[in-house]
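Notes to accompany the following structure.
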């Protein structure tokens, strides 16, 4: 009888340990496969954002974006820790250091976040052949510019503050083929509704130019998803 009671007690303890182990593994798997939730910085002031313990300032630029004579700020943040992100609709969750772009407007002497985009800024490992990429951010003549330098190409986006939103005004793509020396330059002019494409070879002066008319509503910075998901025309993406 004593042996039987001991055996039953052992089995109960074993079952309890197995249950606890399965629960721990389940919670661990859930945490590793749940998508990261971004903080909401809208309305926060510059000092508060820059002192956030979970984020580093990757890029910062100052200038007057809404032509009111006061200094506004563009800021790109990068998470201090890697987290699970889903970077496209058909992608699996992968570990990245998220990046956020914020636009601060000067509100009576206090610069506060009015625009936040969690997806558009490329992550450090999304540079193709480039091991690591980091965007350059600048504000000049009232325009916000985001520039990427890849191994043999570059990409830029220029935004203008208009009617309460940062609206795409221009974009430019440049690329050179390493073996042939053939190059392609594409300028997207949303103000005039044109794409100006130039192709040629770095060893030849002759350049061929093609102009494509586009009739597309310019996106705001808030509306941009991941880079190169917005189709402007056939085979042309930003």
task = Hey, can you tell me all the residues within region 186-215 that are under 30 Å from residue 98 (Cα atoms), free of Cβ contacts under 8 Å to residues at least 40 places away in the same chain and not in a loop (DSSP other than H, G, I, E, B)?
result = 187, 189
query = What do you reckon, is residue 62 buried (at least 19 other Cβ atoms within 10 Å of the Cβ) and assigned to a strand (DSSP E or B)?
reply = no
ask   = Here are 146, 133: which of them is farther than 26 Å from residue 216 by Cβ, in the same structural domain as residue 41 (by TED's automatic domain parsing) and touching a strand residue (DSSP E or B) at 6+ places or on another chain (Cβ under 9 Å)?
value = 133
remark   = Checked 223, 234, 167, 172 against criteria (within 19 Å of residue 143 (Cβ to Cβ) and free of Cβ contacts under 8 Å to residues at least 12 places away in the same chain); the one match is 223
Among (1) over 12 Å from the mean Cα position of the chain (by Cα); (2) modelled with pLDDT under 95, the one test that residue 138 misses = (2)
inquiry  = Let me confirm something: among 124, 164, 193, which residue is surrounded by fewer than 17 Cβ atoms within 10 Å (Cβ to Cβ) and in contact with a strand residue (DSSP E or B) (Cβ under 7 Å, 6 or more places away or on another chain)?
reply    = 193
query = Could you count how many residues in region 151-161 are surrounded by fewer than 19 Cβ atoms within 10 Å (Cβ to Cβ) and out of contact with any strand residue (DSSP E or B) (no Cβ under 6 Å at 6 or more places or on another chain)?
reply = 1
key: Conditions (1) part of a strand (DSSP E or B); (2) over 17 Å from the mean Cα position of the chain (by Cα); (3) in contact (Cβ under 8 Å) with a residue 40 or more places away in the chain; number of the one not met by residue 218   = (1)
key: Residue under evaluation residue 120, criteria (1) touching a helix residue (DSSP H, G or I) at 6+ places or on another chain (Cβ under 9 Å); (2) not in a loop (DSSP other than H, G, I, E, B), criterion not met   = (2)
message = Tell me yes or no: at least one residue of region 57-68 is over 17 Å from residue 115 (Cβ atoms) and more than 15 Å from the chain's Cα centre (by Cα).
response = no
remark   = Listed by first then second residue, the pairs whose first member lies in region 100-114 and is touching a residue at least 40 places away in the same chain (Cβ under 8 Å) and outside the structural domain of residue 226 (by TED's automatic domain parsing), whose partner is part of a strand (DSSP E or B) and buried (at least 22 other Cβ atoms within 10 Å of the Cβ), with beta carbons under 6 Å and at least 6 positions apart or on separate chains, are none
Single condition residue 84 does not satisfy, out of (1) closer than 30 Å to residue 142 by Cβ; (2) outside any loop (DSSP other than H, G, I, E, B) = (1)
ask   = Do you know which of the residues in region 94-114 that are over 16 Å from the mean Cα position of the chain (by Cα) and surrounded by fewer than 18 Cβ atoms within 10 Å (Cβ to Cβ) is modelled with the highest pLDDT?
value = 110
Single residue of 32, 44 found to be modelled with pLDDT of 95 or more, over 21 Å from residue 146 (Cα atoms) and either surrounded by 10 or more Cβ atoms within 10 Å (Cβ to Cβ) or within 21 Å of the chain's Cα centre (by Cα) (or both) = 44
ask   = Just one of the numbered conditions (1) part of a strand (DSSP E or B); (2) under 17 Å from the mean Cα position of the chain (by Cα); (3) without any contact (Cβ under 8 Å) to a residue 24 or more places away in the chain is not true of residue 183; which one?
value = (2)
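The values are calculated or read from the model by the stated rules, or taken from the named source; none is laboratory data. For clarity, every value in this text was computed on a predicted model and none was experimentally measured. Positions of Cβ are backbone-derived with ideal geometry, glycine not excepted, and every protein chain shown enters the neighbour counts.
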